[in-house]
Amino acid sequence: MAIPSPLAGLGRRLLSLVYEGLLLLALFMIADLALLLAVPVARDPAFRPLVQLYLLAVSGGYFVWLWTHGGQTLAMKTWRLRLVAADGGPVPLRQAAVRFAVVVLTFMLPAFLWALVDRERQFLHDRLAGTRIINDEGGGKTAENQDG
């Protein structure tokens with residue numbers, strides 16, 4: 001069991017979130033282009049709900065994969081943040097999927113404002129999923145791999 005690290009600051013997490021939004025927009029553009037090239041009928045407005053589900057699945061795959069394979073998206077690497085389980089260890093697949101689902105379900109709610117009243121300044125989705133965003137000042141190095 002890893003030793004829990006202190007949470008990253010709220011401002012830094014919010015700035016990372018803004019950057020994440022820009023990266024997600026680029027991912028959506030690439031995924032949408034790939035879909036339209038593969039399935040031209042997807043341009044039909046009748047397919048819009050299916051296209052939106054496809055983009056939701058692409059974003060879910062992006063986040064869940066990266067959270068479970070190193071704990072960092074590109075925005076999190078840039079801002080030197082890392083997602084960990086509450087005990088400080090890696091985030092398992094189920095926990096990452098729960099976190100993503102809660103983000104999606106609470107997106108339109110002021111869920112990020114929860115951090116203003118939370119005793120540890122955690123986002124609602126981190127509180128419910130049992131995850132934490134910590135500083136990663138070591139650039140991804142842990143005690144096990146700092147010698148190499």
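The values are calculated or read from the model by the stated rules, or taken from the named source; none is laboratory data. If you're wondering where the values come from, they're calculated on a predicted model, not measured in any experiment. As a convention, Cβ positions derive from the backbone with ideal geometry for all residues, glycine included, and neighbour counts pool all protein chains shown.
Numbers at a glance
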| item | result |
| --- | --- |
| The range 1-48, subset among the acidic types (Asp, Glu) and more than 15 Å from the chain's Cα centre (by Cα), residue nearest to TRP114 (Cα to Cα) | ASP32 |
| Yes/no for VAL41 being β-branched (Val, Ile, Thr) and in contact with a Leu (Cβ under 8 Å, 6 or more places away or on another chain) | no |
| Qualifying residues in the range 106-120 (those that are surrounded by 10 or more Cβ atoms within 10 Å (Cβ to Cβ) and not aromatic (Phe, Trp, Tyr)) - the one modelled with the lowest pLDDT | ALA111 |
| Residue within the range 69-85 that is without any contact (Cβ under 8 Å) to a residue 12 or more places away in the chain, outside any loop (DSSP other than H, G, I, E, B) and among the hydrophobic types (A, V, I, L, M, F, W, C) present | no |
| Test result for ALA57, in a helix (DSSP H, G or I) and in contact (Cβ under 8 Å) with a residue 12 or more places away in the chain | no |
| Cβ pairs under 8 Å, 6+ apart, first in the range 6-18 and touching a residue at least 24 places away in the same chain (Cβ under 8 Å) and crowded, with 18+ Cβ neighbours inside 10 Å, second of a type in the set (A, V, I, L, M, F, W, C) and part of a helix (DSSP H, G or I) | ARG13/ALA115; SER16/ALA75; SER16/MET76 |
| Which numbered condition ALA42 fails, given (1) surrounded by fewer than 17 Cβ atoms within 10 Å (Cβ to Cβ); (2) under 16 Å from PHE123 (Cβ atoms) | (2) |
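Yes/no matrix, rows are residues, columns are (1) at negative phi; (2) touching a Ser or Thr at 6+ places or on another chain (Cβ under 7 Å):
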| position | (1), (2) |
| --- | --- |
| ASP32 | yes, no |
| VAL39 | yes, no |
| PRO45 | yes, no |
| GLY70 | no, no |
| MET76 | yes, yes |
| LEU81 | yes, yes |
| PHE107 | yes, no |
